[in-house]
1. State which residue pairs qualify: first residue assigned by TED's automatic domain parsing to the domain that holds Phe153 and among the polar types (S, T, N, Q) and inside the stretch 170-196, second residue in a loop (DSSP other than H, G, I, E, B) and buried (at least 16 other Cβ atoms within 10 Å of the Cβ) in any location, beta carbons under 6 Å apart, and separation of 6 or more residues or different chains.
2. Would you check if Ala244 is surrounded by 15 or more Cβ atoms within 10 Å (Cβ to Cβ) and assigned by TED's automatic domain parsing to the domain that holds Ile293?
3. Out of Phe201, Phe169, which single residue is buried (at least 16 other Cβ atoms within 10 Å of the Cβ) and in contact with a strand residue (DSSP E or B) (Cβ under 7 Å, 6 or more places away or on another chain)?
4. What is the number of the single condition among (1) out of contact with any Ser or Thr (no Cβ under 8 Å at 6 or more places or on another chain); (2) surrounded by fewer than 16 Cβ atoms within 10 Å (Cβ to Cβ); (3) over 15 Å from Ala142 (Cβ atoms) that Thr181 does not meet?
5. Given the conditions (1) surrounded by fewer than 21 Cβ atoms within 10 Å (Cβ to Cβ); (2) touching an Asp or Glu at 6+ places or on another chain (Cβ under 8 Å), and given that Lys211 satisfies all but one, which numbered condition is not satisfied?
6. Could you tell me how many of the residues in the stretch 305-345 are of a type in the set (Gly, Ala, Ser), crowded, with 19+ Cβ neighbours inside 10 Å and part of a helix (DSSP H, G or I)?
7. Surrounded by fewer than 22 Cβ atoms within 10 Å (Cβ to Cβ) and within 25 Å of Leu16 (Cα to Cα): is that true of Asp115 in this structure?
8. Have a look at Lys318, Lys294 and point out the one that is over 23 Å from Glu391 (Cβ atoms), in the same structural domain as Leu419 (by TED's automatic domain parsing) and out of contact with any Pro (no Cβ under 9 Å at 6 or more places or on another chain).
Amino acid sequence: MNPYLMVPRTPSQQLLRITVLGLWHLGSVTAACCARHFDVTGLDFDQSVVNGLAIGKAPILEPGLNDLLATGLAKSSLRFTTDAKAACANADVLWLTYDTPVNDHDESDVAFVLDRLRRALSHLRGGALVLISSQLPVGTCAALEREFPQFRFACSPENLRLGRALDAFEKAERVIVGIRTDAKRALLEQLFKPFTPQVLFMRTESAEMVKHALNSFLAVSITFINEIARLCEHTGADAKEVSAGLKSDIRIGPKAYLGPGGPFAGGTLARDVVSLTKIAQAKGETIDLIPAIKRSNDLHRGWAFRKLQSRLGDLGGKTIAVLGLVYTPNTDTLRRSAAVELCQQLLAAGARVQAFDPALNSLPPELVAITLTADIAKALQQADAAVICTEWPQFRDANWVAILPLLRRPLIVDANGFLERQIGQLPNLEFVSVGRQHRA
């Protein structure tokens, strides 16, 4: 089979030729969105990923992505391949978009990404622009400039939102771009013009640090309000009211990441917290706040489990309904999901787990101990408690008055208070959320 699944470029298409390297979530979104405006070749060394994309099937659930891929393929502005030589030979821009792997300790596998970049660079023509959006440590561009002086390097930190990635890419409020000189500035302005009214240029190291700092700032905001929230649970204060008070201060603002609830999960924020911690260690710089973010969040990860223990005692032999398993709504990603982690804690404690998620029809072999049900009602059937983990709209739309009696005990643990308006005030229900004292 010929791995280069492409068709010739037509004269009507714009001259800017982009090769997108790495075609999981970030890369498939980048390729599909850019194909609206430019000539795009998607490159990945995983044949199965390329085969799926070549027929308009993304490797990950993202609303609207398959349709957008099909549009690009139909108008011949988009193609996919595993052949680095053919993909890179005439590229104006090689855009690195691998989702950097993260291990269970939130440490990035940088070597995985750089190995694949080097394989592509060996086929790229001199003077081409290499744009890095994969999450890599500050200093990566400088190191690559020394290793490959024949290319120009730039950094634009990714800005995706799982489940809302197309809007985040195509309607960005601003894009950060780090460059060493102005030699490729006009090309970068052309590249980003369809997607944002503002390109903020800075030196490459600053752009790399922006990503570390931004994710760490969001992470510290989440851990801060969750620590306040746990104190609220003991004092009679309501953490959501406290959050509203904080956001009313102009120095903080209404969009601040100060919603009391579950921990941050998925690896994205934690990866940059760990990266900055390691940079400080490597440079001999003592920092206290940033390493504390992860310690605090790791403690908060056990909040739902502790609440179940406090209400039910020994969880051995108990049945717990878990609603939502994927990392966030509108995806099918289980990797680093806080819900999966809770299920594993419950199973280790001897509990039985009945779970429902509208995005899942089956579970991977390592999660076979979880009973995956066909709907919410079956998950609640004879359960001693239910935990709301993923905020699917279907859960808000459910007929809770009809299905709550299926529970053996009327106990709902809902860290974010997602169902507060629907069921929080129902009589004879214990509704437990982060940041407030609870009535039985």
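1. Thr196/Ala172
2. On the way: surrounded by 15 or more Cβ atoms within 10 Å (Cβ to Cβ): no; assigned by TED's automatic domain parsing to the domain that holds Ile293: yes.
Spelling it out, it is not the case that Ala244 is surrounded by 15 or more Cβ atoms within 10 Å (Cβ to Cβ) and assigned by TED's automatic domain parsing to the domain that holds Ile293.
3. Criteria check complete, one pass: Phe201.
4. So the condition that Thr181 fails would be (3).
5. So the condition that Lys211 fails would be (1).
6. Filtering the stretch 305-345 for residues of a type in the set (Gly, Ala, Ser) gives 310, 313, 316-317, 321, 324, 337-339.
Imposing the further condition that a residue be crowded, with 19+ Cβ neighbours inside 10 Å reduces the set to 321, 324, 337-339.
Right, trim to part of a helix (DSSP H, G or I) and you get 338-339.
Residues in the stretch 305-345 being of a type in the set (Gly, Ala, Ser), crowded, with 19+ Cβ neighbours inside 10 Å and part of a helix (DSSP H, G or I): 2 in total.
7. On the way: surrounded by fewer than 22 Cβ atoms within 10 Å (Cβ to Cβ): yes; within 25 Å of Leu16 (Cα to Cα): no.
Against the criterion (surrounded by fewer than 22 Cβ atoms within 10 Å (Cβ to Cβ) and within 25 Å of Leu16 (Cα to Cα)), Asp115 does not qualify.
8. Working: Lys294 fails: in the same structural domain as Leu419 (by TED's automatic domain parsing).
Going through Lys318, Lys294 in turn, the sole match is Lys318.
The values are calculated or read from the model by the stated rules, or taken from the named source; none is laboratory data. No experiment lies behind these values; they were computed from the predicted model shown. Using ideal geometry, Cβ is built from the backbone for each residue, glycine included, and neighbour counts are taken over all protein chains shown.
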